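Just below is one structure, and these are the notes that go with it.
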Amino acid sequence: GPTVAQSTKWISDTAVEVQVSPGIGKGHEVLLNIAHSSFNTNFSFSYLDPQVSALLPPYQNGTLPAVTVHGKYFGAADYSARAFVGESSCSFSRWTSDSSLICQVPPGVGSNCLSVRVGEDESLCNANFTYLAPPVIDSIN
């Protein structure tokens, strides 16, 4: 449903400045309410896609770890952000803030892109998670 803007500022008879409330998604219609009348402005806006900036740790060492995913635009509230390594969904993803979430990485091999999806919005691949090969024992003395 409609969401009220965080703030509005009258600029002139032909301009109003609006600070939108936090959210997710694309193509949100802008309506203007003046003196109990609502007007369609024929404008829309979109929130920015999530962005991943860092993973801690960025690799698997032994058992599959829970990785902290750092970035921005994960949502000002828990909009069910999900993390993926390659095309595989994390075993669980837990939103912690607009700039971090926890991901229990799925099994895998090699190095794969870790991305975040919030609603229909998805981050670009700019962080990789690496599965380390298990150690090989050559000999026992």
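List the longest stretch of the chain that has no exposed loop site; here a site is one of the GluC sites (Glu not before Pro) assigned by DSSP to anything other than H, G, I, E or B, with at most 11 other Cβ within 10 Å.
Details: sites that count: Glu87, Glu120.
In the chain, the maximal stretch lacking such sites is 1-86.
Would you mind getting the accessible area per residue of the stretch 86-141, heavy atoms of the protein chains only, 1.4 Å probe, in Å²?
Values: 3530 Å² over 56 residues.
I get 63 Å² per residue for the stretch 86-141.
More than 21 angstrom separation, counting every C-alpha pair in the chain; what % is that? Mind dumping the intermediate values first?
Working: 5229 of 9870 pairs.
That tail contains 53 percent of the Cα-Cα pairs.
Along the charge dipole of the chain, pointing to its positive end and built from +1/-1 on Cβ of Lys, Arg, Asp and Glu, which listed residue (Gly110, Ser53, Ile140) has its Cα farthest out?
The one lying farthest along the dipole's positive direction is Ile140.
Describe numerically, in nm with one decimal, the distance between label points set 7 Å from Cα along Cα→Cβ at Glu122 and at Ser91.
About 2.4 nm separates the two model spin labels.
What does the charge count near Glu87 come to, summing +1 for each Lys or Arg and -1 for each Asp or Glu among other residues with Cβ under 15 Å from its Cβ? Present the calculation step by step, with values, prior to reporting the outcome.
Working: positive: Arg82, Arg117; negative: Glu122.
That sum, taken over residues with Cβ under 15 Å, equals +1.
Could you check how much of the accessible area of the chain is carbon and sulfur, as a whole percent, using a 1.4 Å probe?
On the way: 5110 of 9360 Å².
Carbon and sulfur: 55 percent of the exposed surface of the chain.
Rounded to two decimal places and with Rh computed the Kirkwood way over Cα pairs, what is Rg over Rh for the stretch 51-131?
On the way: Rg = 11.2 Å, Rh = 12.1 Å.
Using Cα coordinates only, the ratio equals 0.92.
In the stretch 9-24, whose amide N lies under 17 Å from the spot 7 Å out along Cα-to-Cβ of Leu32? List them in ranges.
Within reach of a label on Leu32, which here means backbone N under 17 Å from a point 7 Å along Cα→Cβ, the stretch 9-24 contributes 9-20.
Between Gln104 and Ser46, what FRET efficiency comes out of the Förster formula 1/(1 + (r/R0)^6) with R0 = 35 Å and r the beta carbon distance, rounded to 0.05?
Details: r = 30 Å, r/R0 = 0.86.
The calculated FRET efficiency here is 0.70.
Taking the Cβ of Arg117 as the center, what net charge do the other residues with Cβ under 11 Å away carry, scoring Lys and Arg +1 and Asp and Glu -1?
Details: positive: Arg82; negative: Asp49, Glu120, Asp121, Glu122.
After counting each charged neighbour, the total is -3.
The values are calculated or read from the model by the stated rules, or taken from the named source; none is laboratory data. As the structure is a computational prediction, the values presented were derived from the model and not from experiment. Glycine also receives a Cβ, built like all others from the backbone with ideal geometry; neighbour counts cover every protein chain displayed. Areas reflect the complete protein model, heavy atoms only, side chains present, ligands, DNA and RNA absent. Shrake-Rupley method; radii C 1.70, N 1.55, O 1.52, S 1.80 Å.
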